[in-house]
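So that we are looking at the same thing, I have put the structure below in structure tokens.
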Amino acid sequence: MRSPVDRIAAFVDDLVRNRRPRRFKASADEMQALQGAAELRSVQPGADLPNRDFIERLGRQLRSQMEAPPVHHSVSRRALLRTAGFAAAAGVAGAVIERTIATQPLGQQATLTPDYGTWRAVAAVADVPAGQAMRFTSGPVEGVVVNDGGTIKAVSAVCTHQGCLLLLDAAAHRLRCPCHPTVFSVTGKLLSYQLATPPANLPGLQARVRDGQIEVLVV
């Protein structure tokens with residue numbers, strides 16, 4: 001009998017391959033994880049399938065979590081399922097980012113616009129003064145908000161080369177990839193790289209200011 005994590009991984013694999021997921025009797029905890037993955041799948045533009053490299057990276061990520069060495073403190077079954085669900089959902093979101101930036105002319109910046117997005121507060125305006133930037137995490141979305149001369153902007157914090165999470169160098173106003181020597185500005189522009197081909201600029205996220213809070217449109 002397959003474990004809950006195996007069932008979730010198979011469900012997500014069917015989703016990203018445009019197959020009807022196989023039925024199984026899911027618990028309430030599993031339903032939460034599967035619902036998050038299904039909602040993110042719905043924002044993928046068109047009927048394009050993610051490429052084989054992306055599927056392999058997602059599989060490696062899930063396997064690494066399932067094969068992680070045991071820890072001494074206890075982990076609840078609910079926490080395990082939520083972790084697997086968010087990892088799967090983040091992978092589907094990565095496919096959306098890949099497809100969106102692939103359609104943009106070289107040098108331009110795409111903007112991610114989910115079909116069924118929700119405005120979520122990610123930082124207080126007072127915490128991001130002019131010229132400063134701040135990293136944030138909202139569900140499966142990793143991003144950066146920046147006060148660009150009084151204008152609040154937000155960009156994805158996922159490298160457009162292979163999907164590594166970028167590190168914010170606030171003093172230098174740079175986002176650096178820990179996987180390869182690639183550097184972006186905090187507004188998403190590619191500044192330097194040491195790759196065979198230049199990766200795309202970071203896609204922008206829709207942002208607004210409301211009641212002293214910076215809100216970003218996310219799934």
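The values are calculated or read from the model by the stated rules, or taken from the named source; none is laboratory data. On a predicted model such as this, the values are computed, not experimentally measured, just so you know. FYI the Cβ positions are ideal-geometry reconstructions off the backbone, even for glycines, and counts take in every protein chain you see. SASA here: full protein model, heavy atoms, side chains in, ligands and nucleic acids out. Shrake-Rupley method; radii C 1.70, N 1.55, O 1.52, S 1.80 Å.
Largest first, what is the accessible-area ranking of Asp169, Asp211, Asp115 with a 1.4 Å probe?
Ranking Asp169, Asp211, Asp115 by accessible area, largest first, yields Asp211, Asp115, Asp169.
Going 7 Å from the Cα of Thr151 toward and past its Cβ, which residues in region 180-219 have a backbone nitrogen under 15 Å from where you end up?
From region 180-219, the list is 186-189, 204-209.
With θ taken as phi - 60° and the coefficients 6.51, -1.76 and 1.60, list the Karplus ³J(HN,Hα) couplings across region 116-128 in order, rounded to whole Hz; mark glycine and proline as x.
10, x, 10, 7, 10, 6, 10, 6, 7, 4, 5, 7, 10
Leaving ligands, DNA and RNA out of it, rank Asp127, Asp6 by accessible area with a 1.4 Å probe, largest first.
Asp127, Asp6
Over all Cα pairs of region 114-219, how is the pair count split among 10 Å bins, expressed in % and running from 0 up to the last occupied bin?
In whole percents, the pair-distance histogram is 16, 49, 29, 6, 0.
Across region 179-185, in residue order, what do the Karplus-derived ³J(HN,Hα) couplings come to in whole Hz, using 6.51 cos²θ - 1.76 cosθ + 1.60 with θ = phi - 60° and x for Gly and Pro?
Ordered by residue, 3J(HN,Hα) equals 8, 9, x, 10, 10, 10, 6 Hz.
Using 0.36 nm per residue, how much length does the chain from Val209 to Cys164 gain when fully extended, once their Cα-Cα distance is taken away?
So the extension gain works out to 13.4 nm.
Here is a further query. Summing +1 for each Lys or Arg and -1 for each Asp or Glu, what net charge is found among the other residues whose Cβ lies under 10 Å from the Cβ of Ala133?
Surrounding charge for Ala133 is +1.
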